[in-house]
Amino acid sequence: MKIIIIGAGELGQALARKLDSEENDITIIDSSEDDFSLIHDKMDVMTVKGEAANVAVMKDAGVMGADLMIAVSGDQASNMLSCQIAKHFGVEQCICRVYSQDVFSEEDGFTPEFFGISNAFSSPAECVRHLKYVLQRQIIMEHIEFSNADATMVTVVIPENSPAKGVKLQDIPDKEMLENVRFAARIRSHKLVFPRGDTTLNEGDLVYVAGKQEYVTKFMDYVNGHVKEETHKLVVIGGANATSEQLAAELLDMGMEVRFVEPDMEAAEALLGKLPAGTRVVKGETTDSDALREAGINGCDIFVSLIDDDETAILSGILAKREGAQKVVVVNHKPEYAGMIPAMGFIDCGLNSTVIAANAVFRMMDRGTIRIDTRLLAYKAHISEYKVRSDSNCVGKLLKDCKLPRESVLAMLFRDGNVMVPSGQTEFQAGDVVVAVLKSEADEQLKALF
């Protein structure tokens with residue numbers, strides 16, 4: 001497949017790395033050559049210097065023969081115009097990164113289609129969706145989405161006094177729920193294992209549970225026991241930016257109390273002007289204990305670090321935990337930090353905005369590809385979707401008769417829009433989409449198998 005990527009930043013490079021590994025023909029366009037040498041060192045891709053909104057530059061990049069364009073530069077207007085140019089030259093699918101869906105107006109006819117955009121996404125909005133999910137319950141550490149919207153995978157920590165403590169997976173009392181979820185991985189004492197029926201759950205275990213949302217929710221209810229989550233939570237947010245503003249608005253609508261810590265007075269005042277009266281903003285550094293205490297960190301349910309600087313965000317998260325925040329969530333941006341935060345042990349939940357945005361693009365492409373989870377990444381494992389080819393040796397065979405790599409678990413199977421939890425008696429059909437949790441060395445074997 002011939003793919004053009006607009007933007008050589010962190011997101012553009014993350015997309016190119018994955019797509020290049022699948023033997024696609026990749027061309028990256030950027031107005032600056034600063035990152036080109038690094039890109040050529042790591043990937044076999046073409047690079048073109050120039051403005052993507054320039055027709056001549058697009059033609060030099062081979063737009064007339066492209067199958068897909070992904071516009072993810074930091075310039076929203078350039079992304080949109082480049083999609084319009086690409087669509088004019090017959091590119092079948094154009095995916096566009098915008099900073100807000102407000103740029104479109106269906107009422108006035110300014111739809112994504114008007115600009116030649118097949119799919120549009122907002123990085124801040126994608127990040128906020130993930131944050132909202134993990135903030136719902138104290139036990140949720142990670143939320144993973146797939147090409148099938150009804151499917152989900154959640155990382156859950158087994159809390160103190162949970163009914164699940166000391167229970168073997170096969171002995172969980174709700175048998176209907178048990179038949180409709182897959183326990184895809186367990187992490188204990190920094191060791192990852194693929195669980196079986198006789199695997200026991202202990203306090204502090206991180207469990208990856210996959211299936212339809214209703215059954216995953218039932219498992220979380222079981223894990224929580226009789227403990228009811230407070231709907232009125234105190235959330236302290238570090239940093240005032242587009243993502244934190246959107247998150248605060250959502251949390252306030254959910255009945256939560258929100259406070260901010262922000263060092264820049266101008267940014268703090270701008271934020272106050274957009275949020276409801278009574279929202280409190282403390283002026284100070286998020287790495288300053290006094291500022292965090294003034295915001296009520298020692299009594300807060302959740303601290304969310306949304307500082308633009310990754311290193312400061314991580315440090316503020318560690319400090320917030322030491323100061324008494326019950327749950328700490330840190331959002332970082334550099335892909336290389338994706339697996340680092342969970343390995344530290346000081347921070348409960350680490351989200352990577354680049355990984356979230358890249359996965360959003362992959363879902364829009366409707367193709368089998370990696371859904372990167374930060375905790376699994378720390379253990380050289382990942383989550384991937386594979387589409388069963390019509391010429392695959394697995395077609396017509398039962399799962400139990402297919403030789404799967406030892407370092408893998410099939411978590412879900414999508415067929416005709418339905419979400420299934422595969423068993424040994426599941427017969428594969430051409431077009432099935434299989435979700436696997438696997439160690440990196442098993443990837444090539446599963447690609448060949450399906």
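Bear in mind these aren't lab numbers, they're just calculated from the coordinates by the rules spelled out. Treat the numbers as computed from the prediction; the structure is a model and nothing was measured. Cβ atoms come from the backbone with ideal geometry, glycine included; neighbour counts cover every protein chain shown.
Counted residue by residue at 0.36 nm each, then reduced by the alpha carbon distance between them, the extension gain from His40 to Glu266 reaches 77.3 nm. The C-alpha radius of gyration of region 2-117, expressed as a fraction of 2.2 N^0.38 Å, stands at 1.02. If you build a Gaussian network model of the chain, linking Cα atoms that sit under 10 Å apart, which residue out of Gly284, Gly239, Gly62 swings the most? It is Gly62.
Qualifying GluC sites (Glu not before Pro) in region 71-121, where qualification requires a DSSP coil assignment and no more than 14 other C-beta atoms within 10 Å, comprise Glu92, Glu106, Glu107. Please identify the trypsin sites (Lys or Arg not before Pro) of region 122-216 that satisfy two criteria: DSSP loop assignment and at most 12 other Cβ atoms within 10 Å. Which are they? The qualifying sites are Arg196. Once the C-beta distance of Lys283 and Gln326 is scaled by a Förster radius of 30 Å, the resulting FRET efficiency is 0.80 to the nearest 0.05. Label sites at Asp290 and Ala149, each approximated as a point 7 angstrom past Cα along Cα to Cβ, lie 5.0 nm apart.
Using DSSP to call loops (not H, G, I, E or B), can you name the GluC sites (Glu not before Pro) in region 153-207 whose Cβ has at most 11 other Cβ atoms within 10 angstrom? Passing sites in region 153-207 are Glu160.
Computed from backbone phi, the HN-Hα couplings of region 190-199 come to 6, 10, 9, 10, 8, x, 10, x, 8, 6 Hz, rounded to whole numbers (Karplus: 6.51 cos²θ - 1.76 cosθ + 1.60, θ = phi - 60°; Gly and Pro given as x).
Which of rounded, prolate, oblate describes the chain, given a ≥ b ≥ c as roots of the alpha-carbon gyration tensor eigenvalues and a/c under 1.5 marking rounded, otherwise prolate only if a/b is larger than b/c? Oblate, because a/c is 1.5 or more while a/b does not exceed b/c. When the charge dipole of region 385-450 is built from unit charges on Cβ atoms (+1 for Lys and Arg, -1 for Asp and Glu) and taken about the Cα centre, the candidate among Val419, Val435, Asn393 whose Cα reaches farthest toward its positive end is Asn393.
Site pair Ser189 and Asp308 shows an inter-label distance of 4.4 nm when each label is modelled 7 Å from Cα along Cα→Cβ. Springs between Cα atoms under 10 Å define the GNM used for the chain, and in it the highest mean-square fluctuation of Ile318, Ile302, Ile39 occurs at Ile39.
Among Asp25, Asp288, Asp41, which one shows the biggest mean-square fluctuation in a GNM of the chain, springs joining Cα atoms closer than 10 Å? Evaluated over the chain, the most mobile residue of the options is Asp41. Of the DSSP beta bridges with both residues in region 2-117, give the percent that are antiparallel, rounding to the nearest 5. The antiparallel fraction comes to roughly 5 percent. Peptide packing: for 344-353, 49-58, the average count of neighbouring Cβ atoms within 10 Å per residue gives the ranking 344-353, 49-58, highest mean first.
Helical content of the chain, expressed as a calculated mean residue ellipticity at 222 nm, amounts to -8500 deg cm²/dmol (DSSP H runs of 4 or more residues, -39,500 (n - 2.57) each, divided by residue number, nearest 500). The phi-based Karplus calculation (6.51 cos²θ - 1.76 cosθ + 1.60; θ = phi - 60°) puts the 3J(HN,Hα) values of region 276-285 at x, 4, x, 5, 9, 10, 9, 7, x, 6 Hz, whole numbers, x for Gly and Pro. Counting Cα-Cα pairs of region 139-224 in 10 Å increments starting at 0 gives whole-percent bin shares of 18, 58, 22, 1. This model, with +1 at the C-beta of Lys and Arg and -1 at the C-beta of Asp and Glu, gives the chain a dipole about its Cα centre of some 1700 debye.
Of Lys165/Lys228; Lys2/Lys49; Lys18/Lys397; Lys165/Lys403, which pairs sit farther than 24 Å apart, going by alpha carbon to alpha carbon? Correct reply: Lys18/Lys397; Lys165/Lys403.
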